[in-house]
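What follows is a single structure, written as C-alpha cells, with notes after it.
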Amino acid sequence: MSQQLTQDILTELEALRLIDPHTHINPHSAASQTLADIMGYHYYTELAHSAGLAKGQIEEPGLDPKEKVARLIPWLATIENTAQYSWLLEMCQTFFDFQGDRLDESNWEAVYDTSLQKMSAPDWEQSVLDTSGLDGVFLTNDFDDPLTGFDTKFYIPCLRTDDLVFHLGQSAVRDRLQTSTGVSPGSAAELKNALGVLFERFKSGNARACAISLPPDFSPQPVSEAVADPLVAKVFSGEQLSADEMTSLSCFVFWSLAEHCVEHRFPFDLMIGVNRRVFEAGVFQGQDLYDKRVSLIQYKSLLNAFPQVIFPISVLSETSNQELVSYAWIFPNVVTDGHWWYSNIPVFIERDTRARLQAVPQTKQIGYYSDMYKLEFALPKFAMYRRILARVLATDFVADRGWSVEKAILLGKRVLRGNVESIFGGVD
Amino acid sequence: MSQQLTQDILTELEALRLIDPHTHINPHSAASQTLADIMGYHYYTELAHSAGLAKGQIEEPGLDPKEKVARLIPWLATIENTAQYSWLLEMCQTFFDFQGDRLDESNWEAVYDTSLQKMSAPDWEQSVLDTSGLDGVFLTNDFDDPLTGFDTKFYIPCLRTDDLVFHLGQSAVRDRLQTSTGVSPGSAAELKNALGVLFERFKSGNARACAISLPPDFSPQPVSEAVADPLVAKVFSGEQLSADEMTSLSCFVFWSLAEHCVEHRFPFDLMIGVNRRVFEAGVFQGQDLYDKRVSLIQYKSLLNAFPQVIFPISVLSETSNQELVSYAWIFPNVVTDGHWWYSNIPVFIERDTRARLQAVPQTKQIGYYSDMYKLEFALPKFAMYRRILARVLATDFVADRGWSVEKAILLGKRVLRGNVESIFGGVD
Amino acid sequence: MSQQLTQDILTELEALRLIDPHTHINPHSAASQTLADIMGYHYYTELAHSAGLAKGQIEEPGLDPKEKVARLIPWLATIENTAQYSWLLEMCQTFFDFQGDRLDESNWEAVYDTSLQKMSAPDWEQSVLDTSGLDGVFLTNDFDDPLTGFDTKFYIPCLRTDDLVFHLGQSAVRDRLQTSTGVSPGSAAELKNALGVLFERFKSGNARACAISLPPDFSPQPVSEAVADPLVAKVFSGEQLSADEMTSLSCFVFWSLAEHCVEHRFPFDLMIGVNRRVFEAGVFQGQDLYDKRVSLIQYKSLLNAFPQVIFPISVLSETSNQELVSYAWIFPNVVTDGHWWYSNIPVFIERDTRARLQAVPQTKQIGYYSDMYKLEFALPKFAMYRRILARVLATDFVADRGWSVEKAILLGKRVLRGNVESIFGGVD
C-alpha cells in the first residue's frame, strides 16, 4: 500500500509543470548540441578524473566532441553507482531512445549518433522544454550581461554578484564594472551608485533575484562609507588591498547589494559555504570543496538588518541543514532553498526534505532547483527530487500523520512550484 | 507485520504512566485557562511570525485571549505541515472534542468555546493529568522561587541557574540573590556560601536537580578563589566587568554549582548550545538560535573533575548527538537527555534515538521530556516520541536483532520512565 | 519482497571470502585464549565502566581471566541494547555453541568453559579464520616491530606512525627509532633517512600501507629542512620542544612519511579526528574521544602535494562523512575507508554507506574493516556491515534505481573485498 501511495502522489507531482529557480543556462545556447555537452558537465568530468582519467585527456585543446565522449565512456563503469550517472542514464533513455541500462563501449556510439540527430533538429530546445514541463528557467547572469537576445520572460535573469563582492581586486572585474555602468568609482558612494545602475538594468531586464555564493568564513557586517572610501579609492586606483582591507571591502559591497535588494524588491539568494580552488589540479569546475565549520550565526547581523529582504538560503554542507531549518523557522526573511551541489544526492535530499517539511512554514520552502548548465538536466534532476518528495509525503504525512493524499499533494506542489512563484514572482 | 509489531509495542508504551523530567510549568497555574495559553506557546507565535504575522499583532498589550487566537488562526494554514501544528491538532482532538483535521477560520470559534468551558471546570488540571497519565512533573525554578504553595512531591522543583552563571552583572539578579539568601557576597567564598543557601533551600523543597542552559562558546574551567575574589567584589559593588572578567566569574559560579551538586547529590542538567536574542525583533521566546560549532570537548575538564555528579546532557544541534552518544558511552557521569527544542522534531528524534539505543548503556538514557509551559502539551509531545520510539524498537531490535517484543517493550519503558526514577529519584 | 531481496543479496555477500584491511591483531597470538580476551575488548570494559563497574574491578593486577569475566557479566544487562553487545552474543552463538539470547549470571560459566575448551584446541586460530572466511588480515605494527615469526602473506604488516609524528618528544620513542634504524638523527635529512630505513624494512616485510591516527586540530603543512634542522637537533639532544616547535616537527615528520609513501608506493591510511586521553580516569583504551569541529580542508595542502599517494581516509565523527564523500568525489587520491570506532554502529554505517555509494566512484571505497584486537571479532563485525550493505543495495539500487540483483551484488563485493585488493594489492 505504501508503495502505491507514493506512486499516487508521484503521479500528481509529475503532472505539475515547473519553474526552475536556479540554473546556469546560457539562454543563447540552452540545449545541448552534442552528447559532449551533457557528458562534459563537471559532475561527469570530475568523477571520471577522480576515478583515474587524466585531466589532459578531458581538457585537451580542440578536442572533438565525439572523441571527448569516447574517452569518458570507459570510465562510466567506475561511477555507474552514483546518482549523477543515473541522471545521465535517464537522459539517454528519455531523450535519445536508449533502451539499455548501462552506457558503455558497446553501445555509446549509437546513442551519440541518435542524440546528434535529435539535437540537430531546429526545435530541439523546445522539445526538451516540452518533455521536461518547464514554464520558466532562472539564469545566473554576470553583472555585465546585456540581457538581450533572449526571451527574459522565460529565461529569467538573476544578478550574480560573486565578482563584485570578492573580486574587485582584479582589474578585469573593475573594468567590466566601469564599462557596464559608465561609472568609475572613486568613493564608496560612487561604488554604491554603480551597483545601483546594475540593479536598474537587471530590474528592467525582468530579473527576479540577486544571488551570490559565499565561502564558509564569510560573515557580513555593515561597513561605513567612511571606512570604505579609502578602500574603494585604493582598489580602483589599481593598488593591492591587504587581506583585511579586502574583507572590509567585500562586506561593504555585500551590504550595499542587500540595500539595493530592499529598493528593487529583489530576493537575495545566498549560497553559503563553498571554498574555491581547493583541488588546484582538478578539472574545470571540479576544484571546489568546503569546510563544514560554518554557521548561520555568521549572518545574524544581516538577517536582523534587512527584514524587508527575502533571503532564499542554500547550504553546501548537509550538517548545516538543521541550522537552515531553525533560522527559517524563526526569521521571517529566511527561506530554505533547494539541495545544493554536494548535498544534491538522495540520502541528503531526503533528510533535508523531511526536516524542512516538519518544521518550516510551508510557504517558506523552495523545494528544488536544477543548477543545470544544459536544459536536458532539469528532467532527471527534478525527477530524482520528486520521487524523494513523494515518498516523504507518503510516509511522514499520509502514513504517520493521517493526511489525505490530496492534502499531501498540495503540499508537494507548493514546495515544487507554488513557492517559486510567490517568492520570486510568477511567470507571465 | 512490521506495522502490527510497532503497534503492539506502542500500545504497551502508551499504557505506561509518565514522569516528565523537564518542563517550564508554573505549578500555581499549570493548565491552560484559554486556548490562547496553548496557541500563545512560542512555537506557534514564532512560526506564525516567521510566516508573516506581525509581532505587534501577537503581542499587543491588553490583547483579549480570544482575539489573540483569532489573529493566529489564519496563519495556521501556513504551518499545518509542521510537527508543532500536529501537537495543536492532537490537543484539540483529545481535550476539546474537535472532530476535524484542520483548525481554521471556519471552526476555531467552536473549539475556543468548548475549550473555555472545559478549562473553566474546577478539575481541569487534574483531568489533563489523568488523560496524560502523568505521575510527576519536573519544574524549572528561578533560584529565588519560594517553592511554596504547591505539592512539591508532584511538581518537582529544579534549580535553574542561568541567571547566577551568566547574569550576575545585572543588579536585579544580584538583588534577588541577596534577598533570597540573606548574603551580600564580598568574596568568592561568600558567593559560594550564598549558592549553598540556595541548594539547601531547594534540597529541602524536594528539588531533584540543578539545571542550566549554556551558549555554544562556553567551556567551563576551574577558577581559583584568589582569581574570583576581586571579580566578586567588583561585580557586587556594582562595577561593570570586562568580557574576560565576566567569563571568569561565570566559570567560577558554574564550577561552584557543580561542587554544590556533589554535596547535595543533585544531577546537573546541562542544556548545551543556545545563543540568546539572535533575532532581536522576534516574538517573546522566539529570538534564540544557535551555532552548531560546539563540541563536548569543551566540557572535558568538568566531566573529569566531577565523577560524583551525574550530568544529564541535552544538545541543541542534531550534529552534536553523536558526540553526546560517544561521551555517554565513555564517561560514567554523562547521561543522554531528551530531544531539545530545534531537535524536537521526528526526523531528528528518530536518528538520535537510534544512535543512543545502539551505543549507550540503557541505564543512561532519559528518553524524553516535554519542555512544556502548559500541561496540555505533555500528551501530544510524548505521543510523538512514543510513536518514534516504538518504531525504532520494532525495527532495530525486534526485526534486525531478533529481540522478543517483551524485551523491546522493557527497553522502551526504561528510557521512557525507569531511568527518570533511577537518575533523579522516584516519585512518592 | 523487499526483505527477500535483501536476503538474496546478503546470501551472496556472506559467501564472499574477506580481507580485513585494518586490525590490531597480534599475529603471535591472533585468537583469544579465554573469554576474557573477548570481553576484555575495550568496547565492553568501557561500556561496563560507563554503566557503573569500577575501573579497579576491571584492571586489578593479576586478575584471573575467569574472575574478570565473572565481574563483567552482571553489567551486560545494562548494555545489551548496544551493537557491541550484539557482537558478543553472535560470537558466543557462532563459536561457542551458545543457544541463549542473553548472556548472564545464569549461563555464562558454561559458555566460559566451552569457550576455554575450544580455544585450547591447537587449531583454534585456523578454525576461527575458516569460520570467518578470512583470506588476509592487515596488522597495525609499531615502527620497530621486527615483522618476524609470522606469515606476512596472511598477516599483512602496516607501518603505524603515530609515535613518529607526535611522540618524538618522548625519549623512549627516540630510543626505539635509533635502535630499530641504527640512525641517531642530528638533522632533518638524517631523520628522513631514518624513516626511510623503516619503510625499507616494512616494504621488504610485505607491508602494504603506512597508517596514522590524527587529532582534530592537526593540519599538515610542508616544513623545510632548514626549519626542521634545529628542531630535530634539539629534540634528539633531549631538550623539550615548545608546543609550536612540536607542531612544526610533527608536520615535518608527517610530510616526510608522505614522501616515503611516494617512493615505496604505499597507500597512507589517515584516521582523522581522535583526541587522546580525554577521560583520564577511563579504562585501558577507553579514554579517547573527539571534537567534531574538524574539516578535511585541513588536508588541502597534503592532498594537492601528493597526487601519487592514495589516502584511504577514515573519519571519527559521522558529521565528517559528507566531507569525506565530497573530497573522494573530487580528489583522485582520496578513498573512503570503513566506519571507524564511534561511527561503527548501524545508524551511522547505514547513512555513510548510502552517501558513499550514491556519490563516490565505486572503485574508491573500502567498505569495512574490523579494527579488531582478537580474531573472533571479524565475524560479527563484518556480519553487521554486510547486513546493512545488503539492505542499502536492495533499497537504493534494486528498488529505487531498477538495478538487477546481480549488478547490486557485484557492487557489494567490490566495496567489501575487490577494492581492498586493487588499492592495497591482492593476497598471494
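The values are calculated or read from the model by the stated rules, or taken from the named source; none is laboratory data. It should be emphasised that the depicted structure is a prediction, and the values quoted were computed from it without experimental measurement. Backbone-built Cβ (ideal geometry, glycine too); neighbour counts: all protein chains shown.
Couple of notes before you dig in:
- Selection status of C:T45, within 21 Å of the chain's Cα centre (by Cα), over 26 Å from B:S404 (Cα atoms) and within 14 Å of chain B (Cβ to nearest Cβ): yes
- Some residue of segment C:387-401 being part of a loop (DSSP other than H, G, I, E, B), in contact with a Leu (Cβ under 8 Å, 6 or more places away or on another chain) and surrounded by 24 or more Cβ atoms within 10 Å (Cβ to Cβ): no
- Hey, B:R391 basic (K, R) and within 13 Å of chain C (Cβ to nearest Cβ) or not: no
- Count of segment C:344-388 residues which are in contact with an Asp or Glu (Cβ under 9 Å, 6 or more places away or on another chain) and farther than 23 Å from C:L134 by Cα: 8
- Only listed residue being more than 19 Å from B:R276 (Cβ to Cβ), among the basic types (K, R) and free of Cβ contacts under 8 Å to residues at least 60 places away in the same chain, chosen from B:R201, B:R174, B:R208, B:R160: B:R201
- For B:S106, the stated conditions do not hold, so it cannot be described as touching a residue at least 60 places away in the same chain (Cβ under 8 Å), out of contact with any Cys (no Cβ under 7 Å at 6 or more places or on another chain) and among the polar types (S, T, N, Q).
- Taken over segment B:336-364, the criterion of being farther than 16 Å from B:E318 by Cα, surrounded by 24 or more Cβ atoms within 10 Å (Cβ to Cβ) and in contact with a Lys or Arg (Cβ under 8 Å, 6 or more places away or on another chain) is satisfied by no residue.
- Boolean, A:F311 is closer than 22 Å to B:L53 by Cα, more than 11 Å from chain B (Cβ to nearest Cβ), under 17 Å from the mean Cα position of the chain (by Cα) and touching a residue at least 12 places away in the same chain (Cβ under 8 Å): yes
- Being more than 7 Å from chain A (Cβ to nearest Cβ) and aromatic (F, W, Y) is a property that holds for C:Y373.
- Complete set of residues in segment B:210-261 that are in a loop (DSSP other than H, G, I, E, B), more than 28 Å from B:P307 (Cβ to Cβ) and not polar (S, T, N, Q): B:G238, B:E239, B:L241
- Some residue of segment C:372-384 being closer than 30 Å to A:Y290 by Cα, among the aromatic types (F, W, Y) and in contact (Cβ under 8 Å) with a residue 24 or more places away in the chain: no
- Segment C:256-274 - residue that is under 16 Å from the mean Cα position of the chain (by Cα) and of a type outside the set (A, V, I, L, M, F, W, C) and, of those, surrounded by the fewest Cβ atoms within 10 Å (Cβ to Cβ): C:P267
Let's see how each residue does on (1) more than 14 Å from chain C (Cβ to nearest Cβ); (2) more than 22 Å from A:E280 (Cα to Cα); (3) free of Cβ contacts under 8 Å to residues at least 24 places away in the same chain; (4) among the hydrophobic types (A, V, I, L, M, F, W, C):
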position	(1), (2), (3), (4)
A:E12	yes, yes, no, no
A:H28	yes, yes, no, no
A:T78	no, yes, no, no
A:Q84	no, yes, no, no
A:W87	no, yes, no, yes
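- For the condition at pLDDT 95 or above and either away from chain B (no Cβ under 13 Å) or not in a helix (DSSP H, G or I) (or both), A:R414 does not qualify.
- Taking segment B:282-302 as the range and being more than 7 Å from every other protein chain (Cβ to nearest Cβ) and among the aliphatic types (A, V, I, L, M) as the test, the residues that pass are B:V283, B:V294, B:L296, B:L302.
- Segment B:40-68, residues that are surrounded by fewer than 24 Cβ atoms within 10 Å (Cβ to Cβ), touching a Ser or Thr at 6+ places or on another chain (Cβ under 9 Å) and either in the same structural domain as B:P380 (by TED's automatic domain parsing) or of a type in the set (A, V, I, L, M) (or both): B:A51, B:L53, B:I58
- Considering segment B:316-367, the residues that are touching a residue at least 40 places away in the same chain (Cβ under 8 Å) and away from every other protein chain (no Cβ under 11 Å) include one that is farthest from A:R356 (Cα to Cα), namely B:I366.
- Meets criteria (surrounded by fewer than 24 Cβ atoms within 10 Å (Cβ to Cβ), of a type in the set (A, V, I, L, M) and closer than 22 Å to C:E350 by Cα) for C:L324: yes
- For segment C:394-409, the set of residues classified as hydrophobic (A, V, I, L, M, F, W, C) and either farther than 24 Å from A:R386 by Cβ or in contact with a His (Cβ under 6 Å, 6 or more places away or on another chain) (or both) consists of C:V405, C:I409, listed by residue number.
- A:R201 among the basic types (K, R), in the same structural domain as A:C261 (by TED's automatic domain parsing) and surrounded by 15 or more Cβ atoms within 10 Å (Cβ to Cβ): yes
Okay, residues lined up against (1) surrounded by fewer than 19 Cβ atoms within 10 Å (Cβ to Cβ); (2) under 18 Å from the mean Cα position of the chain (by Cα); (3) at pLDDT below 95; (4) assigned by TED's automatic domain parsing to the domain that holds C:A209:
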residue: C:D142; (1), (2), (3), (4): yes, yes, no, yes
residue: C:T148; (1), (2), (3), (4): yes, no, no, yes
residue: C:Y155; (1), (2), (3), (4): no, yes, no, yes
residue: C:C158; (1), (2), (3), (4): no, yes, no, yes
residue: C:T161; (1), (2), (3), (4): no, yes, no, yes
residue: C:D175; (1), (2), (3), (4): yes, no, no, no
residue: C:Q178; (1), (2), (3), (4): yes, no, no, no
residue: C:T181; (1), (2), (3), (4): no, no, no, no
residue: C:P185; (1), (2), (3), (4): no, no, no, no
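- Conditions (1) under 28 Å from the mean Cα position of the chain (by Cα); (2) crowded, with 16+ Cβ neighbours inside 10 Å; number of the one not met by C:Q126: (2)
- A:S242 being closer than 27 Å to A:S187 by Cβ, touching a residue at least 40 places away in the same chain (Cβ under 8 Å) and hydroxyl-bearing (S, T, Y): no
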